[in-house]
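Visitor: There's a structure below that I have some questions on.
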Amino acid sequence: MALTALSINGAKYFCRYFVLRNLAKMKPYAKIQKPIKDFSIWHKRKSYLHNDKNRPFFHEREVWWCSLGANVGFEQDGTGKRFDRPVIIFKKFNNDIFWAIPLTSKLKKGKYYSKVCFGNDIKNTAILSQIRLVDAKRLLDKVGVISASDYSVIKKAIVSLVEK
């Protein structure tokens, strides 16, 4: 007999029967645990960057490995022992600070992403929504320079995000 042909009481009975019959097969809900970050390792690295590291000279459009650190929630983290990831120097304010846009090797699409190429045609995606102010002491190694046309596309995309 189809469920639609059952009376209201029959439908209630069928639902109770189905749930009870399959309850034994259902696994208890496992508590979903978030990965635990060890911020103490990052704090040691950050202390070194703050106290002992010199600021390198840099320019807009350059791509650098940058110690972004272990961050909170959905903020883009650095990886490895140096907590680093590549960033584009988007806007240089002075020799000390700049706006950085993190890069990912995953090719992503959407209004929060922009494709970039640098070096030997290395393709990456700039994560526009993760733009942040960074001290130059976090800069580690220069990787390359993005083209003026890629920079222009990123600049227009950032402006359009701010205007909306």
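Visitor: Rank-order 97-109, 127-139 by packing density, defined as the average count of other C-beta atoms within 10 Å over each peptide's residues, highest first.
Guide: Values: 97-109: 17.2, 127-139: 18.7.
Top to bottom by mean Cβ count within 10 Å: 127-139, 97-109.
Visitor: Also, quick follow-up: In nm, to one decimal, how far is the ILE41 label point from the PHE58 one, both placed 7 Å along Cα→Cβ?
Guide: Taking the simple label geometry, ILE41 and PHE58 are separated by 2.3 nm.
Visitor: Suppose the chain between ASP135 and VAL159 were pulled fully straight at 0.36 nm per residue; how much longer would it get relative to their current alpha carbon spacing?
Guide: Numbers: separation 24, 0.36 × 24 = 8.64 nm, distance 2.25 nm.
Fully extending the segment from ASP135 to VAL159 adds 6.4 nm.
Visitor: Would you mind calculating the relative contact order of the stretch 57-163 from Cα pairs under 8 angstrom and at least 6 residues apart, reporting the percent as a whole number? Can you show the working numbers first?
Guide: Values: 221 pairs, mean separation 30.3, N = 107.
Result for the stretch 57-163 is 28 percent.
Visitor: Sorted from largest down, what three extents in whole angstroms do the Cα atoms of the stretch 57-163 have along their principal axes?
Guide: Principal axes ranked by extent give 31, 31, 31 Å for the Cα atoms.
Visitor: Sort the following peptides by mean Cβ neighbour count (other Cβ atoms within 10 Å, averaged over residues), highest first: 88-94, 63-69, 142-148. Intermediate results must be reported in sequence, preceding the final value.
Guide: Numbers: 88-94: 17.3, 63-69: 22.4, 142-148: 15.3.
Ranked by mean Cβ neighbours within 10 Å, highest first: 63-69, 88-94, 142-148.
Each value in this text was obtained by applying a stated rule to the coordinates, not by laboratory testing. Bear in mind that the values here come from a model prediction, so they are computed numbers and not experimental data. Glycine also receives a Cβ, built like all others from the backbone with ideal geometry; neighbour counts cover every protein chain displayed.
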